[in-house]
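Data block below; observations after.
The values are calculated or read from the model by the stated rules, or taken from the named source; none is laboratory data. Quantities reported herein were computed from a predicted structural model and do not represent experimental measurements. Note: ideal-geometry Cβ built from the backbone for every residue, glycine included; neighbour counts use all protein chains shown. Just so you know, the surface numbers come from the protein's heavy atoms only, side chains and all, with ligands and any DNA or RNA stripped out. Shrake-Rupley method; radii C 1.70, N 1.55, O 1.52, S 1.80 Å.
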Amino acid sequence: QVQLVESGGGLVQAGGSLRLSCAAAGRVPSFNVMGWYRQAPGKQRELVATITSGGSTNYADSVKGRFTISRDNAKNTVYLQMNSLTPEDTAVYYCNAKYIYLNYWGQGTQVTVSS
């Protein structure tokens, strides 16, 4: 069984920064892709950023230039550095990890940006 445990969410003022972490525990495979998604109230879950095991990254247009995703394969951990946050970034952020046809999700961490 694989568990993804997120940390680092919280309340921050507009223009501030937060760093999210997601650590995988249990019988952890070498994930092909790890990433972050978010879901704001009343909206669908959307992709924020992904990173492959080789380090290739992909970002939503809304976060390009502000967010940076990285991973430590030895620690089975993925990070999301979020800078220049705006109230529109307020959401529950979910960690995701994929291995072949298996898809894992974390429990989510709340990020709230005040204006």
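Here is how the numbers come out for the structure above:
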quantity	calculated
Pairs with Cβ under 9 Å, 6+ apart, first in region 31-51 and closer than 17 Å to VAL113 by Cβ, second basic (Lys, Arg) and open to solvent by less than 50 Å² (accessible area, probe 1.4 Å)	GLU46/ARG38; VAL48/ARG38
Unique match (being of a type in the set (S, T, N, Q) and touching a helix residue (DSSP H, G or I) at 6+ places or on another chain (Cβ under 9 Å)) among SER7, SER53	SER53
Filter pass, LEU47 being open to solvent by 20 Å² or more (accessible area, probe 1.4 Å) and either of a type in the set (A, V, I, L, M, F, W, C) or farther than 27 Å from GLY26 by Cβ (or both)	yes
Region 58-79: number of residues that are farther than 14 Å from ALA97 by Cα and open to solvent by less than 70 Å² (accessible area, probe 1.4 Å)	6
Matching residues in region 1-27 - criterion: being touching a residue at least 40 places away in the same chain (Cβ under 8 Å), assigned to a loop (DSSP other than H, G, I, E, B) and open to solvent by 40 Å² or more (accessible area, probe 1.4 Å)	ALA14, GLY15, SER17
Residue in region 88-103 that is farthest from VAL2 (Cα to Cα), counting only those that are assigned to a strand (DSSP E or B) and open to solvent by less than 50 Å² (accessible area, probe 1.4 Å)	ALA91
THR52 vs. criteria more than 22 Å from GLY10 (Cβ to Cβ) and not acidic (Asp, Glu)	yes
